Amino acid sequence: MIKHIPVMTDEVIKFLNCKPDGIYVDGTLGGGGHTAQILDASAPTGRVIGIDWDEDAIKAARTELKDYSQRLTIVRENFANIKEIMDSLTIKGVDGILLDLGVSSYHLESQERGFSFRFDSPLDMRMDRRQGESAYDIVNKYSCGQLEDIIRKFGEERWAKKIAKAITERRRHGPIATTKELSDLVSSAIPKRFHPTDIHPATKTFQAIRIAVNDELNNLKKAIDDCVDLLFPGGRIAIISFHSLEDRIVKISFRRIEKGCTCPDDFPRCVCGKKPRLSIVTKKPVTPSLQEISKNPRARSAKLRVGERL
Ligand SMILES: C[S@@+](CC[C@H](N)C(=O)[O-])C[C@H]1O[C@@H](n2cnc3c(N)ncnc32)[C@H](O)[C@@H]1O
C-alpha cells in the first residue's frame, strides 16, 4: 500500500496554534497525515473538517482516521467551495485552515490515473473523476495555440510552441491516448541537446496539463479569499505549495489581503474603504529541513506560508 508522507508537519502544527476546543479545516485531506496531527494537537474536543475531491483519498483517509471519527467530518468537495461547505455544516467560522496543495503520492504512484510518465496509462489526470474534462480531452481537442499557452504558462516550458505543434501534427494520425505516447512525443519535440539533465523532458508539460485539467490555480485564488473570510480573529491559514506558480499566488494574495486598501498608489488617501484583514506571519516562506528532505525527497520543493486573521 502506498503511503503519502505529509510534509513539514511540525511546522504546520506550530503555526496553526491548535487549541483543544478549536475548529479546523484541512482543505486537502489526502491520506489524512496532517489531519491526524491537527486532531492530536486539538484533543480532546477539537474538531476537523477534512475536504478532498478525490474518492480514493477519501477512502484512504476514512480508514486511516477511523479512531477520530467523533471529531472528524469528511467532505468530498472542491476546497474552492469552502464557503458553501461550511454553510451546509452550519459552521460560521474556524480557528485554522490548512491547504497542502497539488497531487499526493497516491496519485503519482497510481498506474491507472495517468499523472505520471513512469507508467503507461490512459491520459486522465483528473483528481476528481466526477469532473468532465480529462488530460485526454485537452491533449486531443484543444487548438495548437491553446496547448502552447497552457504548456508555456502552467509548465513554464520554453519549448511550448514546438511541443504544441508536435501534439497537433501527431493527432492527425489518431488520438494520443496514453501517458507514454505523450511523454515520447514531448521528448522528441525538444532537441536532444536541450533535454534537461535533472528531470524527465516531459515533466513540465505533464505539470502544465495537470494544472489545466484540475483548474488548480483558479481554485487556489478563489479559496484564499474565502478561507480568510471564514477565519475567526486570531485564526490562521497555512498553505504549502510545490511550485513557483502556486507560491506566487499565495504570496501576492496574502500581501493584497494584508494591505486591504485597493486604491491606486498615487491617491492621496483611501477612498475604497477596504481594511487589512490578514497579518502575514511568515515574512519569507518556510522550507523543510535538510533532514526532512533526505527522508522524503518529495518535500524538497515545498514552501509554507502562514497568515493570521486580524
Ligand atoms: C498533497 S495531497 C495532501 C496530503 C495530505 N496533507 C496528507 O497529509 O496526506 C493534496 C490532496 O489535495 C487534494 N486536492 C487538490 N486540490 C483540491 C481541491 N481543489 N479541492 C479538494 N481537494 C483537492 C488532492 O486530491 C490530494 O488528495
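Some notes on this structure:
- Identification of helices (runs of 4 or more DSSP H) wholly contained in the stretch 126-232 with 3 or more residues that are assigned by TED's automatic domain parsing to the domain that holds GLY27 and surrounded by fewer than 18 Cβ atoms within 10 Å (Cβ to Cβ) yields 216-230.
- Residue count for the stretch 44-83 under the criterion of being in contact with a Lys or Arg (Cβ under 8 Å, 6 or more places away or on another chain) and more than 13 Å from the ligand (Cβ to nearest atom): the result is 6.
- Beta carbons closer than 6 Å, at least 6 apart along the sequence or on distinct chains, pair a first residue in the stretch 40-69 that is farther than 18 Å from ASP100 by Cβ and of a type outside the set (Asp, Glu) with a second that is part of a loop (DSSP other than H, G, I, E, B) and more than 13 Å from the ligand (Cβ to nearest atom) for THR45/PRO20; THR45/ASP21; GLY46/PRO20; GLY46/GLY22; ARG47/ARG71.
- For the stretch 65-79, the candidate set comprises residues that are part of a helix (DSSP H, G or I) and touching a helix residue (DSSP H, G or I) at 6+ places or on another chain (Cβ under 7 Å); within that set, the residue that is farthest from ALA302 (Cα to Cα) is TYR68.
- Residues of the stretch 84-105 satisfying the condition of being free of Cβ contacts under 8 Å to residues at least 24 places away in the same chain and either away from the ligand (no atom under 14 Å from the Cβ) or over 18 Å from LEU231 (Cβ atoms) (or both): ASP87, SER88, THR90, LYS92
- Within the span defined as the stretch 224-242, every residue fails to be modelled with pLDDT under 95 and within 30 Å of GLY33 (Cα to Cα).
- Any hit, the stretch 80-91, residues being in a loop (DSSP other than H, G, I, E, B), assigned by TED's automatic domain parsing to the domain that holds GLY50 and of a type outside the set (Val, Ile, Thr): yes
- Residue identified as over 29 Å from ILE85 (Cβ atoms), of a type in the set (D, E, K, R) and either in a helix (DSSP H, G or I) or over 15 Å from the mean Cα position of the chain (by Cα) (or both) among GLU292, GLU246, GLU308: GLU292
- Matching entry among LEU72, LEU123, LEU65, LEU99 (being in the same structural domain as ILE176 (by TED's automatic domain parsing) and among the aliphatic types (A, V, I, L, M)): LEU123
- Scanning the stretch 27-43 for residues that are in contact with a Lys or Arg (Cβ under 9 Å, 6 or more places away or on another chain) and within 6 Å of the ligand (Cβ to nearest atom) returns GLY31, GLY32, GLY33.
- Selection count where residues are out of contact with any Cys (no Cβ under 9 Å at 6 or more places or on another chain) and part of a strand (DSSP E or B), scope the stretch 233-243: 7
The values are calculated or read from the model by the stated rules, or taken from the named source; none is laboratory data. The model shown is predicted, which means the values in this text are computed figures rather than measured ones. Please note: Cβ atoms are built from the backbone with ideal geometry, for glycine as well, and neighbour counts cover all protein chains shown.
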